[in-house]
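The values are calculated or read from the model by the stated rules, or taken from the named source; none is laboratory data. Keep in mind that what you see is a predicted model, and the values were worked out from it rather than measured. For neighbour counting, all protein chains shown are included, and Cβ atoms are generated from backbone atoms with ideal geometry for every residue, glycine included. Note: accessible area is taken over every heavy atom of the protein model, side chains too, but ligands, DNA and RNA are not part of it. Shrake-Rupley method; radii C 1.70, N 1.55, O 1.52, S 1.80 Å.
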Amino acid sequence: MPLPVTDYVPQVAGRGSRRAWAAWGAGVVAVGVLVGAVVLAPAARAGGWWLLAEVLYGSFRAACHQMPERSFHIAGFPVAVCARCTGLYAGALLGFVVYPLARAVARTDAPWRGWLLWAAAPASVDFALGVLGLWENTHWSRLLTALPLGAVAAFYIVPGLVELSRGVRHHPKALPILREKVGEG
């Protein structure tokens, strides 16, 4: 027998869900811009846009060693980050894009932390074997072993972005912690 209309649960997204989707969308755009900047840097240099190229390369300098011999090249110039960082960024973009297919966007709980360790294992093994001289890693091995870590990282970043989009006032422990810091507690 059908439930009475008073027990109906609407299936339309509420205000909190709209904020969650907006946070997710902003994350997709931000990571997409990062990936775009990685490949735009050599294209800008090849096109004679030296200032733009230098700004793009310079913006990634603090995060990556940018060794040309460990980077993919476009139009004869290295991309803005090494192959492993390219894999991390591309994996993060992939993770952000598929996130809504795997989890509800409005969820703010992080997945089991073990997933992050499992995702880091391939890149760690590739790195360690290369350092020990047991394996000659390549651009492709670096990229492909970093992809899972970037993709899984998105599953920890999105809940944080959603939580931030909702504001501090929604966190049950936020007010007592703020009072203690201010000295009103």
* In the full protein assembly as shown, how much of S124 is accessible to a 1.4 Å probe, in Å² to the nearest 10? -> 60 Å²
* Using a 1.4 Å probe and counting only protein heavy atoms, arrange S71, S17 so the residue with the most accessible area comes first. => S17, S71
* **Peptides 75-81, 103-109 ordered by average Cβ neighbours within 10 Å, highest first** => 75-81, 103-109
* **Within-9-Å neighbourhood charge of T108 [Cβ basis; K, R +1; D, E -1]** => 0
* Structure fact -> SASA check, E136, accessible area w/ 1.4 Å probe, all protein chains in place, rounded to nearest 10 Å², comes out at 150 Å²
* To do: Convert each backbone phi in region 111-116 into a coupling constant with the Karplus relation 6.51 cos²θ - 1.76 cosθ + 1.60 (shift: θ = phi - 60°), then list the ³J(HN,Hα) values in order as whole Hz, x for Gly and Pro.
  => x, 4, 5, x, 4, 5
* Which of the chymotrypsin sites (Phe, Trp or Tyr not before Pro) across region 70-122 are loop residues per DSSP, with 14 or fewer other Cβ within 10 Å? -> W112
* Applying the Karplus parametrisation 6.51 cos²θ - 1.76 cosθ + 1.60 with θ = phi - 60° to the phi angles of region 122-128, what ³J(HN,Hα) value in whole Hz is obtained for each residue in order, glycine and proline being reported as x? -> x, 5, 5, 5, 4, 5, 4
* Structure fact -> With 0.36 nm assigned to each residue of separation and the Cα-Cα distance removed, R61 to A26 gains 10.2 nm
